[in-house]
Each structure stands twice: as structure tokens, then as C-alpha cells.
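S.K.: One structure is given below, represented as C-alpha cells, and several questions about it will come after.
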Amino acid sequence: MRLAFVSFETVHHRDSETNQRFRTILELLAAAGHDVHCYCSGFWAGDEPTYEHENVTYHAVSTGPEARSSFLARLPFVLAAANPDVIHASAQPPGQVLAARVGATLARTPLVVEWYGDDGIPETRWTRLAAGRPDGIITPSELVSTRTQEIGADGDAVGIVPNPIDCDRIQDVEPGADVDVIYARRLDDGANLESLLLGLAELRDRDWQATVIGDGPDRDRYERLASDLRIDERVTFRGDLELDERIAAYRGAHVFAQTAEHCVFPTEMLWALASGCVGIVEYHANSSAHELVEGWERGFRTTSEDELAEAILAAGDLECREYDDRFADYDGSAVAEQYLERYRTLQEKHGLL
């Protein structure tokens, strides 16, 4: 299948969750043998119009100080000339969705929009217009799906595809040291690590060890809080770790605690759950993390530090695991197939199959 992806900005321009998600999709589908092209603002040195990376061909639709306006003006004609089977655009900036819609009409092919939402979904005239133009919208969670529909997306057009993990990679990593509770996230003002530390402090008369993975501007504050709560000798702050090191830590841990206030999809928690951890999620209106544990016997949803402490105690009665095949449907190959199924459905509706 020849696939045309559209994103003025890529992870090569700026490292964000949205751009990481988009790159992952490109590379998953390219690895599956599809002809994947990304139409973007040029980010590479030299005058070459294309750049090859991980079996993906990047096309510079525009460059220079007027890149965005020229990108939007040229995009419809570039897409029409590319003759793709499907056009798949990022929702940000919304203007590119409208330009991609024109391109899809000229190319007589379906338009899919990827709406990740880590930068929020502002309700503006442009986002409302963008929400109503695609043949299909893909979001990472119910949280984002609901928000796209609130700004005008057709509920029948919106689907959910999670972030992928690599189940083979998990099983290839040796488990790390045993630990009772683990937390992993960038330690900034949205981490809400204090909820976990306060919950653990309620259990200071119990025997436990906890690990915190991640770094950030609020790390010192959290370390001081652990000291003030007199649990610093039992909470180890390990800083940033490579993925294999994190997987090893998860395979050795019993509980993964997710307390962050903002999360469009809990990717790190998913790695931990597939690595055998029991999941404990503190519910927040702007987080989708609870969606991963609803209706699951090894998952707990809490709303306070007291409930979190009780959930940690209850989790102690569950068996220790180093891998959980319940999450095999989140493997990259399965996620790629979910995208392809949606493309084929839209092609069929357009009479292209």
C-alpha cells in the first residue's frame, strides 16, 4: 500500500509525544513492507528534495522562513501528484488538515487524521473545521476520542488505536532487582508523584521498597518530600534510564503506580503492565490511564492517597509475574494491522477495493 503521511513538523524538528507517535506509525508500517512517504517541512541539510530514514521517504514540501504558508499552498498539489492509496495527516496544525482534504479530493483517496492531543485540543474555528473534514480520525484513547467529538468530529468516524509496545523485546530482557512499587515519568509539575509518596508514607510501618524512574525540574522537590516524610531510605530515585533498563526494572517490580494528572495515553505504564506489573492508577479527568485497568483483575483505580495505599496492600495478594500476555494486542505488529484495517475499510467505502 502506498501511504502519504502529512505533518508540517516531525520529531526531527521537535521531540513531542504527538511527533513521536506519528514517527512510530510511519516506521511500523514501513517495517511491514508498505511504501511510506511523509510530506513535511524540510529538516535535513542540503538541497535534496527527499530524505530516507528507517525505510520512510521524507519529502520537503517547503523550507525557509515562509515554510508554513508555502507548505499549505503546495500540499494539495503535491499529494495529488503522489497518487497515494491513503492520506494520513497529523491534526496539528489544523490548517494542514484542510489542505490535505483538498489533496485527498484531488487524488480521489480517503483522508485519515491522527489526533493525539498531548498539546491539548483547543476549541477554535480551525480545529472545529479540521474535525469535520476527515473520512476517519484515529485517537489513542477514549479521553481524546471524546474531546474530538466535543469539537465536532463525527463519532462514527472516530476510532481508537493505542500506542504500541514490543512484546518480544520485553521477554528478551532479563528481570531486574525485586522491588515492591515502581513509578516512571518525567518529574515535572504534572507528575503528581506526591500522591504516591504520601500513599507510601501511610505504609511506613510495612516492609516495602519503591523505585522512581525519570528526571526533570521537580526531582529535587520530590526527593525533599520523601525525606520530609521519612521514607527517603526506601525510595530510590534512579533518574532517566534507557528502555531496556526500564523494562528490566518493570519485570522485577510488583506494582506500577500511575498518578500523573495529564496523560493522553499511558505508554510507560503499558510497558510495565506487559512486563507483569500490577497496575494502580489514580484517576484524573485529564488522564486516560484508568482505561488500561478498567475491568482487569490486576488493576486498581484510586482517587486518594488512602485508597492508593490500600490498593498497594491489596496488590500484595496477587501473584508476581514477569510478563503478561493479556497485552499482546498492543504489540507493534497488532497495532500496525489495526491501522491497515481502518485504511482498507475507508478504501472500500470509497469504492477503491
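The values are calculated or read from the model by the stated rules, or taken from the named source; none is laboratory data. Here the structure is a predicted model, which is why all the values come from computation and not from measurement. Here Cβ is always computed from backbone atoms with ideal geometry, including for glycine, and neighbour counts include all displayed protein chains.
S.K.: Please pick out the residue among ARG221, ARG128, ARG186 that is out of contact with any helix residue (DSSP H, G or I) (no Cβ under 8 Å at 6 or more places or on another chain), on the phi < 0 side of the Ramachandran plot, among the basic types (Lys, Arg) and in a loop (DSSP other than H, G, I, E, B).
M.R.: Exactly one of ARG221, ARG128, ARG186 is out of contact with any helix residue (DSSP H, G or I) (no Cβ under 8 Å at 6 or more places or on another chain), on the phi < 0 side of the Ramachandran plot, among the basic types (Lys, Arg) and in a loop (DSSP other than H, G, I, E, B), namely ARG186.
S.K.: Kindly indicate the residue of the range 74-130 that is in contact with a His (Cβ under 9 Å, 6 or more places away or on another chain) and under 14 Å from PHE22 (Cα atoms) and also modelled with the lowest pLDDT among those meeting that condition.
M.R.: The extreme case among them is ASP118.
S.K.: Let me ask you something else. Name the residues in the range 192-218 that are touching a residue at least 60 places away in the same chain (Cβ under 8 Å) and outside any helix (DSSP H, G or I), would you?
M.R.: If the condition is that a residue be touching a residue at least 60 places away in the same chain (Cβ under 8 Å) and outside any helix (DSSP H, G or I), then ASN192, GLU202, LEU203, ARG206, TRP208 are the ones that fit.
S.K.: Here is a further query. Suppose the filter is surrounded by fewer than 17 Cβ atoms within 10 Å (Cβ to Cβ), assigned by TED's automatic domain parsing to the domain that holds PRO49, within 22 Å of ILE137 (Cα to Cα) and hydroxyl-bearing (Ser, Thr, Tyr); does THR105 pass it?
M.R.: When the stated conditions are applied, THR105 passes them.
S.K.: Could you please find all residues in the range 153-174 being surrounded by 14 or more Cβ atoms within 10 Å (Cβ to Cβ) and either among the small types (Gly, Ala, Ser) or within 16 Å of GLU242 (Cβ to Cβ) (or both)?
M.R.: ALA153, ALA157, GLY159, ILE165, ASP166, ARG169, ILE170, VAL173
S.K.: Please count how many residues of the range 312-332 are assigned to a helix (DSSP H, G or I) and either surrounded by 15 or more Cβ atoms within 10 Å (Cβ to Cβ) or over 23 Å from the mean Cα position of the chain (by Cα) (or both).
M.R.: 7
S.K.: Might you let me know whether the range 281-302 holds any residue that is crowded, with 24+ Cβ neighbours inside 10 Å, out of contact with any Leu (no Cβ under 6 Å at 6 or more places or on another chain) and β-branched (Val, Ile, Thr)?
M.R.: For the range 281-302, residues crowded, with 24+ Cβ neighbours inside 10 Å, out of contact with any Leu (no Cβ under 6 Å at 6 or more places or on another chain) and β-branched (Val, Ile, Thr): present.
S.K.: How many residues are out of contact with any helix residue (DSSP H, G or I) (no Cβ under 7 Å at 6 or more places or on another chain) and not basic (Lys, Arg) if we restrict to the range 224-240?
M.R.: Summing the residues that are out of contact with any helix residue (DSSP H, G or I) (no Cβ under 7 Å at 6 or more places or on another chain) and not basic (Lys, Arg) in the range 224-240 gives 6.
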